[in-house]
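Below: the structure, in structure tokens.
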Amino acid sequence: MHELSIARSIVETVCERAGDRPVHTVTVRVGALTAVVPDALRFCFALAVEGTVADGARLAVEHRPGTLRCRRCGTDARIDDPILLCPCGSADVAVIAGRELQIVSMEVG
Amino acid sequence: MCATCGCGDHHHQHPATETVTLEEKVLAKNDALAERVRNRLAERGIIAVNLMSSPGSGKTTLLERTIRELDGRRPIAVVEGDQETPLDADRIRRTGCAVVQVNTGAGCHLDAAMMNDALDALDPATGSLLFVENVGNLICPALFDLGEGDKVVIISVTEGTDKPLKYPYMFRAADLVLINKIDLLPYVDFDLDACRRHIAAVNPGARVLTLSATRGDNLASWYAWLAGPTDRRGSAWAGGARPDTGPHRTSYGTPAAPGRPGHSSRSVR
């Protein structure tokens, strides 16, 4: 359950930035290739905010699909599967999106 | 009705909320600390190898034998990660090697803060080979940079051939994959070629070695890999997610002065 560590990390950052202002919503961006399950993250977030200024805050998850660029055929392909393979069959690919794991914003006050 | 507090009428003011843009990596703190660990290791010429696998794949057995057989070639130290108990650290300690046990409690992986604390407690000698035995788990440890030089994933032939496909994040993170317990191949239903294909499917850049830590098959290849420079091993991170800031270690084919680090062993939690 690495989502618990990740949720704690989010809450720690948000609380530092919020100071003593209550936090109502936190928005995070989660790429499809990060091995982070949004439902598990929401569950862990609800536990991690207890007793903090973000207690009761809602976690909004922005999903980012995976995209890879094939070095053989040169095209970009969307991929939501962790097996990195271009539709042309080549495994010589670069991931250009889908590994995002970011805290986008928070609503405070 | 007031949507903010649910009160019946609106004779009080609600403070306006404000949206604060953060645009910050979730693991920024871990990654910054991992970078500090990486620098700390590089300054002292310490090579750190992070061993990851499911429980029971033979990490501790491989370590015990590696420590005994590389004895005197270079100081070796070990960070032992487990949820509970000092049992694995006790096994390593019996080889005479410096070891520190890190119990993660409810945690399922080591992180950079634990690695940093373990380094404080262990204080490995300059030029050491530092093994990190991560918590037995094929999912969570893949996400956390410890500041190590290499990630080694171990799979044993008593597990399923299809593990690389079932746990692709872990196998994709690997610089080297060890297929262990090949002495048991006659007795188990494990397709070595298929396993290699599955590893290549999730990580075309990974090197793969087959070995038996108990019988000793092919351990020379493992030791040769440990002695080789990181930048000749090929990057498993062709996708570009891995920072290029890691140290390019130099060969340790020429052994440093013989000797071991102190036989100290402490526990951090």
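The values are calculated or read from the model by the stated rules, or taken from the named source; none is laboratory data. Here the structure is a predicted model, which means the values were calculated and not measured. Note that each Cβ is placed from the backbone with ideal geometry, even for glycine, and that neighbours are counted across all protein chains shown. To get the accessible areas, we keep the full protein, side chains included, count just its heavy atoms, and leave off ligands, DNA and RNA. Shrake-Rupley method; radii C 1.70, N 1.55, O 1.52, S 1.80 Å.
Numbers below:
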| item | result |
| --- | --- |
| Whichever residue in segment A:92-109 is among the small types (Gly, Ala, Ser) and within 13 Å of A:Arg69 (Cβ to Cβ) and, among such residues, is surrounded by the most Cβ atoms within 10 Å (Cβ to Cβ) | A:Gly98 |
| Qualifying position, being closer than 27 Å to B:Thr161 by Cβ and either of a type outside the set (Gly, Ala, Ser) or buried (at least 23 other Cβ atoms within 10 Å of the Cβ) (or both), among B:Glu35, B:Glu133 | B:Glu133 |
| Complete set of residues in segment A:1-51 that are among the hydrophobic types (A, V, I, L, M, F, W, C), within 16 Å of B:Ala142 (Cβ to Cβ) and not in a helix (DSSP H, G or I) | A:Met1, A:Val30, A:Ala32, A:Leu33, A:Ala35, A:Val36, A:Val37 |
| Count - residues of segment B:99-155 that are over 11 Å from the mean Cα position of the chain (by Cα), in a loop (DSSP other than H, G, I, E, B) and within 25 Å of B:Pro75 (Cβ to Cβ) | 6 |
| Options B:Ile155, B:Ile199: the member that is open to solvent by less than 30 Å² (accessible area, probe 1.4 Å), β-branched (Val, Ile, Thr) and either in contact (Cβ under 8 Å) with a residue 60 or more places away in the chain or in contact with a Cys (Cβ under 6 Å, 6 or more places away or on another chain) (or both) | B:Ile155 |
| Strands (runs of 3 or more DSSP E) within segment A:69-109 that include 2 or more residues away from chain B (no Cβ under 12 Å) | A:76-79 |
| Pairs where the first residue, in segment A:3-23, is at the interface with chain B (Cβ under 9 Å from one of its Cβ atoms) and without any contact (Cβ under 8 Å) to a residue 12 or more places away in the chain and the second is open to solvent by 60 Å² or more (accessible area, probe 1.4 Å) and in a helix (DSSP H, G or I), C-beta under 8 Å, 6+ apart | A:Ser9/B:Lys29; A:Glu12/B:Lys29 |
